[in-house]
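Notes for the one structure printed next.
Readers should treat all values here as calculations from the given coordinates under stated rules, not as data from a laboratory. This structure is a prediction, so every number in the text was calculated from the model and none was measured. Here Cβ is always computed from backbone atoms with ideal geometry, including for glycine, and neighbour counts include all displayed protein chains.
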Amino acid sequence: MLEGKAVIGETDMLQTMQQDATDLASKALDFFDVTEAIEIARFIKKEFDRMHGPGWQCM
Amino acid sequence: MEGAEEELERRSKFLKSLIQKKKTIEQQEQHDHLQHNNVRVRACDMPLPLQSRAFRCARDLLDSMPPKKLDSKRLALTLKKEFDSSYGPAWHCIVGTSFGSYVTHSLGGFVYFSIDKVYVLLFKTAVEPLDHS
């Protein structure tokens with residue numbers, strides 16, 4: 001598991017979804033190298049689409 | 001009857017060659033325009049006129065900014081607003097020098113390009129009406 005705490009810059013999202021986002025980001029960084037930006041974005045986007053319905057974007 | 005068919009065939013070929021010529025000229029103009037403006041298209045699903053508008057808008061704005069002082073937020077905001085007002089909602093724009101992305105976009109509403117050393121991602125998504133039931 002990656003060390004370090006996620007810092008939320010700006011948000012308009014339910015607390016539970018924020019938690020999902022930070023958990024997925026952490027998981028993505030376990031799976032992929034930090035330089036694999038597109039793979040990380042793809043992973044988070046696909047998981048959010050699955051968990052919270054389609055139409056999510058990730059940068 | 002055969003003469004009429006031959007005439008139709010001849011006209012059809014002539015029209016096809018005209019269309020092909022026009023396409024070639026347009027592509028050449030687009031290529032020259034891109035080189036002149038230092039634009040490189042990285043990925044695209046967008047009609048040429050919309051692409052040109054995005055490049056022109058980005059170029060004009062970058063030229064109006066002081067050198068080495070990129071206001072990426074302003075560039076993103078301007079492009080987004082410009083496309084929202086001209087081509088309907090909802091456009092999204094990300095501007096930066098280093099970012100990865102994975103997005104879902106509407107058909108014909110996606111362009112990812114670089115201009116100078118700035119990368120621009122501009123894409124459209126469908127807007128669902130709010131359910132007031």
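Restricting the trypsin sites (Lys or Arg not before Pro) of segment B:42-75 to loop positions (DSSP other than H, G, I, E, B) with no more than 10 neighbouring Cβ atoms within 10 Å leaves B:LYS68, B:LYS69. The calculated FRET efficiency for the pair A:GLN19 and B:ALA4, based on their C-beta separation and a Förster distance of 45 Å, comes to about 0.05.
The tail of the calculated P(r) for chain A, taken as Cα-Cα distances beyond 15 Å, holds 50 percent of the pairs. Summing charges over all other residues whose Cβ lies under 12 Å from the Cβ of A:ILE40, with Lys and Arg as +1 and Asp and Glu as -1, gives -1.
Applying 1/(1 + (r/R0)^6) with R0 = 45 Å to the Cβ-Cβ distance of A:LYS5 and B:ASP60, what FRET efficiency is obtained, to the nearest 0.05?
My answer for the efficiency is 0.60.
Its alpha carbons considered, the protein assembly as shown gives a radius of gyration followed by a Dmax of 22.3, 83 Å.
Here the gap between A:ILE38 and A:ASP12, fully extended at 0.36 nm per residue and compared with their Cα-Cα distance, gives a gain of 7.0 nm. Over the protein assembly as shown, DSSP H runs of length four or greater, each weighted -39,500 (n - 2.57), average out per residue to a 222 nm ellipticity of -18000 deg cm²/dmol.
Between A:SER26 and B:ASP45, the FRET efficiency estimated from the beta carbon spacing at R0 = 30 angstrom works out to 0.40.
Normalised by the number of residues in chain A, the average gap of Cα pairs under 8 Å and 6 or more apart makes the relative contact order 28 percent.
The charge dipole of chain A, taken about the Cα centre with unit charges on the Cβ atoms of Lys, Arg (+1) and Asp, Glu (-1), comes to about 140 debye, rounded to the nearest 20.
Once you divide the Cα radius of gyration of segment B:38-132 by 2.2 N^0.38 Å, the number left is 1.07. With 0.36 nm allotted per residue and the present C-alpha distance subtracted, the B:LYS69-B:LEU107 stretch has 10.3 nm of extension available.
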